[in-house]
1. Just one of the numbered conditions (1) outside any loop (DSSP other than H, G, I, E, B); (2) exposed (fewer than 15 other Cβ atoms within 10 Å of the Cβ) is not true of Arg188; which one?
2. All but one of (1) more than 13 Å from the ligand (Cβ to nearest atom); (2) hydrophobic (A, V, I, L, M, F, W, C); (3) part of a helix (DSSP H, G or I) hold for Ala177; which doesn't?
3. Are there helices (runs of 4 or more DSSP H) fully within segment 1-100 with at least 3 residues that are open to solvent by 30 Å² or more (accessible area, probe 1.4 Å) and closer than 26 Å to Asp202 by Cβ? List them.
4. Looking at segment 152-167 only, could you name the residues that are open to solvent by 10 Å² or more (accessible area, probe 1.4 Å), assigned to a loop (DSSP other than H, G, I, E, B) and either over 17 Å from Arg109 (Cα atoms) or among the hydrophobic types (A, V, I, L, M, F, W, C) (or both)?
5. Of (1) touching a Gly at 6+ places or on another chain (Cβ under 9 Å); (2) more than 16 Å from the ligand (Cβ to nearest atom); (3) not charged (D, E, K, R), Phe141 satisfies all except one. Which?
6. Filter segment 57-78 down to residues that are hydrophobic (A, V, I, L, M, F, W, C) and within 15 Å of the chain's Cα centre (by Cα) and give me whichever is farthest from Thr21 (Cα to Cα).
7. Only one of these is farther than 27 Å from Phe212 by Cα, open to solvent by less than 40 Å² (accessible area, probe 1.4 Å) and touching a strand residue (DSSP E or B) at 6+ places or on another chain (Cβ under 6 Å): Val114, Val126, Val130. Name it.
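The values are calculated or read from the model by the stated rules, or taken from the named source; none is laboratory data. If you're wondering where the values come from, they're calculated on a predicted model, not measured in any experiment. Because the Cβ atoms are built from the backbone with ideal geometry, glycine has one as well, and the counts that use them run over all protein chains shown. Heavy atoms of the whole protein, side chains included, go into the accessibility calculation; ligands, DNA and RNA do not. Shrake-Rupley method; radii C 1.70, N 1.55, O 1.52, S 1.80 Å.
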Amino acid sequence: MDQKQVNQIEQNLLEVQQRITAAAAKSGRDENQIQLIAITKYVGNDEIGCLLDLGCTKLGESRPQQLWDKAAFFADQSVDWHMIGNLQRNKAKRTVPLVSLLHSGNSIRLLKTVNDLASPTEPLHVLLEVNVSGDEAKHGFTAEQLPEVMQQVLELSNIRVKGLMGMAARDGDNDQARRNFSTLRQLRDQFRENSPENVQLDELSMGMSRDFEIAIEEGATMVRVGSGLFKEL
Ligand SMILES: *Cc1c(COP(=O)(O)O)cnc(C)c1O
């Protein structure tokens, strides 16, 4: 990468951070309660190295193989890797030890698999992915399934459920996104009331480049921003 590209990434990051600050202020929230997860699935190691140099160290990947490769490349640096995409169970074994948070806890079978791969001393932190938009192509539990999921999670003592993850409808407008995010927050609030011991629903992972400000206004604690960080490169 040339210096111009390095500067561009720095500028993009600054802009995203400023937009996070502004959205937090607008909704009367503390910006420190909102974590930026930089989604690096579109870029290679040069761009990632640039982000790390800028102090952006919470990185997300949606494909296991890419996460493995990039995590191996940056093994000697301090990076929090987040798995945000669908995790096939046969790829869980290599993935679980690498990630600080699995955003895409989207089936009981997967949760059982990762529970077996984690341990009491190194429990895996997971979010339950909820399909709040109802898009057919999306993974995730339905709202109706959540009570049963909470029951089942009680038995999975090697995982710690930290919150919920969701996405706005693919073809929706801003109002639709807001409704989807609001639904996710309401589900979080509802289940937080009487959740089992290994379930603490503090986190709400929602919002991407096109809608993260709306997500923050609706209570997101983690925004997953990819293309916005790497535009005009
Ligand atoms: C790719 C991806 C993102 C980031 O999307 P951008 O629009 O590039 O910001 C966020 N969440 C998930 C689950 C993704 O797959």
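1. So Arg188 meets the others, but not (2).
2. For Ala177, the exception is condition (1).
3. 3-26
4. Leu154, Leu156, Met167
5. Status for Phe141: all satisfied but (2).
6. Leu67
7. So the residue among Val114, Val126, Val130 that is farther than 27 Å from Phe212 by Cα, open to solvent by less than 40 Å² (accessible area, probe 1.4 Å) and touching a strand residue (DSSP E or B) at 6+ places or on another chain (Cβ under 6 Å) is Val114.
Residues checked against (1) within 13 Å of the ligand (Cβ to nearest atom); (2) surrounded by 23 or more Cβ atoms within 10 Å (Cβ to Cβ):
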| residue | (1), (2) |
| --- | --- |
| Asp202 | no, no |
| Phe212 | yes, yes |
| Ile216 | no, yes |
| Val223 | yes, yes |
